[in-house]
Amino acid sequence: MPQGYLVSGLFAAYFFGFGLFLPFFPVVLRDTGLTAAEIGTLLAVPMIVRLAANPLVGGLADRYARPGTAIAVLSGLAALAFAGLFVVSGFWPIAALLLAAALVWSPLVPIEDALAARLDREGRGQYGRMRLWGSVAFIAANLVGGAAAGAHAQAVVIGGIVGGMLVSLAIGLRLTVPQARSPADMEPEAEPERAGAAVEKGRGLPDIGFLLVVVGAGVLQGSHAAYYAFSALFWEDAGFSGLSIGILWGLGVTTEIVLFAYAGAVGARIGALGILGIGAAAAILRWLLFPFVVDPLATGLVQLLHGFSFGATHLGAVAFVAARAPRRWAGLSQGLLSMVIGLCTALASALAGALYGIGPTPAFLAMAAIAGVGCAMLAAGALRLRAAATRREG
């Protein structure tokens, strides 16, 4: 079987579980008798752990293992950790298992992103068309969870995550992509002129333009914090049913699928920085509109912006880093990007939580302001990269 198909399956296996975890894991925790404060603390555990786990585990995987081996081992350990939630209760035992799970579950995405980007670079698949199957699986999980998690939340959510990790383990064992070790793998890919260069020749540290773009992308993704934490509550207060909320979540991801399907053609025309610019514009518009839209049709239309505010930002950031990172450290580089996104999201979540207590409008308008900061950082980084490229040519 072509390796691109297997990587598509990896994305589907992971994001099916994530599509259950993100909306419905709080229900599982509530059903165990935990308080709202305890639930909030436990939900922060994976977010905090991935800040260190993603680059650390990604770097170790780059150095010591083939991609398939790393994915199989991490998937098996994640399945064991989540399965333990069937037999424990109480805040501290659950916290310990979530900590263990996050150490091996969260790094799978940057490792898979790096693998997909590598296959794309080698002409063995298109990143967007591999990644879209994660979005398809995420939507399926939203619908399954919305329909079945009410009466059987633990069985559906935990069982779905464990099942996805077992599938991921099986696929990892079938991957034959070798470990990147050649001298050429230590050098970043050449990037088209329109995108500039990340690391100036002869320097050991990334150019400030590269850092501005990476942090800007992290800030843009962080602007989704209020949406992740409070969109369901906001819509519930506006009169939407649980199934309607699940459909709205799925509708937002639908536009990701379309974008991922045509990402290769779009990227060839406007480059990674152009895709990031689309994501920035969509994020600002989306959060400016979000708190003022409660009509079902209008809400659905605003949700379509998710494919751009999240999807375009994700595609652009992964492509930007992949084009500039040494192939030998592809997993580490994507893990560092994930760490930046996680840190920005954590900080924005704290701000969103404080502001949502005042009202949804201040919280979501703050997200629009955060997206504006991310946009400004992208613009500054692009200008810096352009100037660096001009100096080299001169």
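The values are calculated or read from the model by the stated rules, or taken from the named source; none is laboratory data. All figures in this text were calculated on a predicted structure; none of them were measured in a lab. Reconstructed Cβ throughout: ideal geometry from the backbone, glycine too, with neighbour counts over all protein chains shown. Each accessible area value is taken on the protein alone, full model and side chains, heavy atoms only, with ligands, DNA and RNA left out. Shrake-Rupley method; radii C 1.70, N 1.55, O 1.52, S 1.80 Å.
Collect the residues in the range 210-230 that are at pLDDT 85 or above and within 20 Å of Asn142 (Cα to Cα), keeping them in residue-number order. Spell out how you get there, then give the answer.
Within the range 210-230, the first condition is being at pLDDT 85 or above, and the residues that meet it are 210-227.
Within the range 210-230, His224, Ala225, Ala226, Tyr227 meet the criteria.
Report, by residue number, each residue of the range 208-237 that is open to solvent by 30 Å² or more (accessible area, probe 1.4 Å), over 24 Å from Val144 (Cβ atoms) and aliphatic (A, V, I, L, M).
Taking the range 208-237 as the starting set, the residues that turn out to be open to solvent by 30 Å² or more (accessible area, probe 1.4 Å) are 208, 210-212, 215, 228-230, 232-233, 236-237.
Then drop every residue that is not over 24 Å from Val144 (Cβ atoms), which leaves 208, 210-212, 215, 237.
The answer is Ile208, Leu211, Leu212, Val215.
Just a yes or no: is a residue in the range 59-71 open to solvent by less than 10 Å² (accessible area, probe 1.4 Å) and closer than 21 Å to Gly19 by Cβ?
yes
Applying the selection to the range 36-57, what residues are over 25 Å from Val321 (Cβ atoms) and at pLDDT 80 or above?
Kept after step one, since they are over 25 Å from Val321 (Cβ atoms), are these residues of the range 36-57: 36-45.
Matches in the range 36-57: Glu38, Leu42, Val45.
Give the residues of the range 338-391 that are in contact (Cβ under 8 Å) with a residue 24 or more places away in the chain, open to solvent by 60 Å² or more (accessible area, probe 1.4 Å) and over 22 Å from the mean Cα position of the chain (by Cα), sorted by residue number.
Within the range 338-391, Leu365, Leu383, Arg384, Arg386 meet the criteria.
Exactly one condition in (1) closer than 19 Å to Met367 by Cα; (2) crowded, with 20+ Cβ neighbours inside 10 Å; (3) of a type outside the set (D, E, K, R) is false for Ala322; which is it?
With (1) closer than 19 Å to Met367 by Cα; (2) crowded, with 20+ Cβ neighbours inside 10 Å; (3) of a type outside the set (D, E, K, R) applied to Ala322, the lone miss is (1).
Kindly indicate which of Phe292, Phe260 is surrounded by 24 or more Cβ atoms within 10 Å (Cβ to Cβ) and touching a residue at least 60 places away in the same chain (Cβ under 8 Å).
Details: Phe292 fails: surrounded by 24 or more Cβ atoms within 10 Å (Cβ to Cβ).
Just one listed residue meets the conditions, Phe260.
Quick one: what pairs do we get from the range 171-183, first residue in a loop (DSSP other than H, G, I, E, B), second modelled with pLDDT under 80 and surrounded by 13 or more Cβ atoms within 10 Å (Cβ to Cβ), C-beta under 8 Å, 6+ apart or different chains?
Close Cβ pairs satisfying both conditions: Ala180/Arg327; Ala180/Arg328; Ala180/Ala330; Arg181/Arg328.
Would you check if there is a residue in the range 183-206 being among the hydrophobic types (A, V, I, L, M, F, W, C) and at pLDDT 80 or above?
Restricting attention to the range 183-206, the residues satisfying the condition of being among the hydrophobic types (A, V, I, L, M, F, W, C) are 184, 186, 190, 195, 197-199, 205.
After this cut, where a residue has to be at pLDDT 80 or above as well, the list is none.
Checked the range 183-206: no residue is among the hydrophobic types (A, V, I, L, M, F, W, C) and at pLDDT 80 or above.
Could you grab me the full set of residues in the range 4-42 that are among the aliphatic types (A, V, I, L, M), touching a helix residue (DSSP H, G or I) at 6+ places or on another chain (Cβ under 9 Å) and open to solvent by 60 Å² or more (accessible area, probe 1.4 Å)? Walk me through it before giving the result.
First, the residues of the range 4-42 that are among the aliphatic types (A, V, I, L, M): 6-7, 10, 12-13, 20, 22, 27-29, 34, 36-37, 39, 42.
Filter again for touching a helix residue (DSSP H, G or I) at 6+ places or on another chain (Cβ under 9 Å), leaving 6-7, 10, 12-13, 20, 22, 27-29, 34, 36, 39, 42.
Ala36 - this is the single residue of the range 4-42 that is among the aliphatic types (A, V, I, L, M), touching a helix residue (DSSP H, G or I) at 6+ places or on another chain (Cβ under 9 Å) and open to solvent by 60 Å² or more (accessible area, probe 1.4 Å).
Using beta carbons and a limit of 9 Å, which pairs, at least six apart or on different chains, have the first residue in the range 211-239 and on the phi > 0 side of the Ramachandran plot and outside any helix (DSSP H, G or I) and the second one open to solvent by 10 Å² or more (accessible area, probe 1.4 Å) and not charged (D, E, K, R)?
Gly239/Val294
Report yes if Leu166 is modelled with pLDDT of 90 or more, open to solvent by less than 30 Å² (accessible area, probe 1.4 Å) and closer than 21 Å to Val104 by Cα, otherwise no. Talk me through it step by step, then tell me what you get.
Details: modelled with pLDDT of 90 or more: yes; open to solvent by less than 30 Å² (accessible area, probe 1.4 Å): no; closer than 21 Å to Val104 by Cα: yes.
Here the answer is no, as Leu166 does not meet what is asked.
Restricting to the range 83-137, and then to whatever is open to solvent by 40 Å² or more (accessible area, probe 1.4 Å) and not in a helix (DSSP H, G or I), can you tell me which residue is farthest from Leu169 (Cα to Cα)?
Per the criteria, the residue is Ser89.
Pairs, please: C-beta under 7 Å, at least 6 apart or cross-chain, first residue more than 15 Å from Val167 (Cα to Cα) and in the range 70-99, second at pLDDT below 95 and not in a helix (DSSP H, G or I)?
Partner pairs satisfying both residue conditions: Ser89/Thr32; Phe91/Leu34; Ile94/Val88; Leu97/Val88.
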